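Working notes, beginning with the structure itself.
The values are calculated or read from the model by the stated rules, or taken from the named source; none is laboratory data. These numbers were taken from a predicted model, which means no experiment stands behind them. Cβ placement follows ideal geometry from the backbone for every residue including glycine, while neighbour counts extend to all protein chains displayed. Remember, those area values only see protein heavy atoms, side chains included, never the ligands or the DNA or RNA. Shrake-Rupley method; radii C 1.70, N 1.55, O 1.52, S 1.80 Å.
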Amino acid sequence: MIKKNVVNDFIVLTKEQDSKYLIIFNDFLSYNLKIIKVFRSIEDTKVSLIDTEYGKFVLKVFAPKGKKNERFIKSMLKGDYYEKLFHQTARVRQEGFDAPNDFYLLAERKTLRFAHCYIMLIEYIEGTELADIEHISDSLKHDIKNSIVSLHHHGMVSGDPHKGNFIIEDDVVRIIDLSGKRPSASRKAKDRIDLERHYGIVNDKKDAGYYLLTYKKALRSFLRKIKRKK
Ligand SMILES: Nc1ncnc2c1ncn2[C@@H]1O[C@H](COP(=O)(O)OP(=O)(O)OP(=O)(O)O)[C@@H](O)[C@H]1O
Ligand SMILES: [Mg+2]
């Protein structure tokens, strides 16, 4: 069961009644965390591996900077992707699909539905990133494809299935950094097209979503060409 809490000026969603995630969040607020490794540190995103009394976790802090007005309007119209991702993750894992990393806590500082920053506590997956595998075998490609097909079947999309967003843990394909967006036919088609682009996994499903996406792409590049000619 997902629980909503208020901690300082953050709205905090946690998985289960368990307070250990809130304890870790409070440690974060008081700069009391042990960081083992920094996976990513760019202007708006920090991803770290932390060690706590409850074990290792990944802590992701995302504070988008630009296009504030646009993001504000989008959040009012469409809601909040990370909140959706939190609920989606809990749902699919309840359904028995556990390829996506578990998501334990989401803290947001909000104005109405608009989040200024996101703090996420997620499952640490210990394994090998696809980016670190030199030769991706046919059998691994088959498993990657199945993981995305199952993800779609459970009503989620990856949004960006590149080699940094899969980790092989004990020979099992795990998916990280999911999108939380509505799993429309064209978003699912985009995942399949991306699999073909990144891994040569042939997209054998050319449905309405696929044609809508390719039509939109063609239209966009046509409009770009016209603009350039002006
Ligand atoms: N749950 C996890 N378990 C293990 N490693 C992780 C996990 N989450 C993130 N990482 C590591 O941190 C890196 C960056 O994390 P993540 O993909 O969430 O950030 P991002 O900035 O959204 O990435 P992208 O480049 O896909 O936009 C990953 O490529 C991976 O190396
Ligand atoms: Mg990523």
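Within the stretch 135-152, work out how many residues are part of a helix (DSSP H, G or I) and either open to solvent by less than 50 Å² (accessible area, probe 1.4 Å) or in contact with a helix residue (DSSP H, G or I) (Cβ under 7 Å, 6 or more places away or on another chain) (or both).
Kept after step one, since they are part of a helix (DSSP H, G or I), are these residues of the stretch 135-152: 138-152.
Cutting the leftovers down to either open to solvent by less than 50 Å² (accessible area, probe 1.4 Å) or in contact with a helix residue (DSSP H, G or I) (Cβ under 7 Å, 6 or more places away or on another chain) (or both) gives us 140-141, 144-145, 147-148, 150-152.
Number satisfying all stated conditions: 9.
Beta carbons closer than 9 Å, at least 6 apart along the sequence or on distinct chains, never pair a first residue in the stretch 153-174 that is in the same structural domain as F39 (by TED's automatic domain parsing) and charged (D, E, K, R) with a second that is near ligand 1 (Cβ under 9 Å from one of its atoms) and open to solvent by less than 30 Å² (accessible area, probe 1.4 Å). The set of residues in the stretch 183-198 that are open to solvent by less than 40 Å² (accessible area, probe 1.4 Å) and among the charged types (D, E, K, R) comprises D191, R192, D194.
Residues D177, D160, D194: which one is within 16 Å of ligand 1 (Cβ to nearest atom), assigned to a helix (DSSP H, G or I) and among the acidic types (D, E)? Don't jump to the end; show me each part of the working.
Details: D177 fails: assigned to a helix (DSSP H, G or I); D160 fails: assigned to a helix (DSSP H, G or I).
Checking each option against the conditions leaves just D194.
Within the stretch 112-132, the set of residues being aliphatic (A, V, I, L, M), open to solvent by 30 Å² or more (accessible area, probe 1.4 Å) and part of a strand (DSSP E or B) is empty. Would you check if there is a residue in the stretch 22-31 being within 15 Å of ligand 1 (Cβ to nearest atom) and either free of Cβ contacts under 8 Å to residues at least 40 places away in the same chain or within 19 Å of the chain's Cα centre (by Cα) (or both)? Checking the stretch 22-31: not a single residue is within 15 Å of ligand 1 (Cβ to nearest atom) and either free of Cβ contacts under 8 Å to residues at least 40 places away in the same chain or within 19 Å of the chain's Cα centre (by Cα) (or both).
The rows are residues; the columns are (1) of a type in the set (A, V, I, L, M, F, W, C); (2) within 16 Å of ligand 2 (Cβ to nearest atom).
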| site | (1), (2) |
| --- | --- |
| D160 | no, yes |
| L212 | yes, no |
| Y215 | no, no |
| K225 | no, no |
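Answer yes if at least one residue in the stretch 54-70 is open to solvent by 70 Å² or more (accessible area, probe 1.4 Å), in contact with a helix residue (DSSP H, G or I) (Cβ under 9 Å, 6 or more places away or on another chain) and either of a type in the set (G, A, S) or in contact (Cβ under 8 Å) with a residue 24 or more places away in the chain (or both), and no otherwise. Scanning the stretch 54-70 turns up at least one residue that is open to solvent by 70 Å² or more (accessible area, probe 1.4 Å), in contact with a helix residue (DSSP H, G or I) (Cβ under 9 Å, 6 or more places away or on another chain) and either of a type in the set (G, A, S) or in contact (Cβ under 8 Å) with a residue 24 or more places away in the chain (or both).
Give the stretch 85-102 a look and list any residue that's of a type in the set (K, R) and away from ligand 1 (no atom under 16 Å from the Cβ), or say none.
Residues of the stretch 85-102 that are of a type in the set (K, R), as a first pass: 91, 93.
Passing the criteria: only R91.
Given the residues G155, G180, G164, which is the only one that is modelled with pLDDT under 95 and open to solvent by less than 40 Å² (accessible area, probe 1.4 Å)?
Values: G155 fails: modelled with pLDDT under 95; G164 fails: modelled with pLDDT under 95.
Exactly one residue qualifies, and that residue is G180.
Please enumerate the residues belonging to the stretch 199-230 that are in a helix (DSSP H, G or I) and open to solvent by less than 60 Å² (accessible area, probe 1.4 Å). Once the filter is applied, which keeps residues that are in a helix (DSSP H, G or I) and open to solvent by less than 60 Å² (accessible area, probe 1.4 Å), the stretch 199-230 yields Y199, G209, Y210, L213, T214, A218, S221. Got a number for residues in the stretch 71-105 being of a type in the set (V, I, T) and either crowded, with 19+ Cβ neighbours inside 10 Å or on the phi > 0 side of the Ramachandran plot (or both)? Final tally of qualifying residues: 2.
Output the residue which, of all residues in the stretch 39-58 that are near ligand 1 (Cβ under 9 Å from one of its atoms) and aliphatic (A, V, I, L, M), is farthest from L121 (Cα to Cα). Taking the candidates together, the pick is I42.
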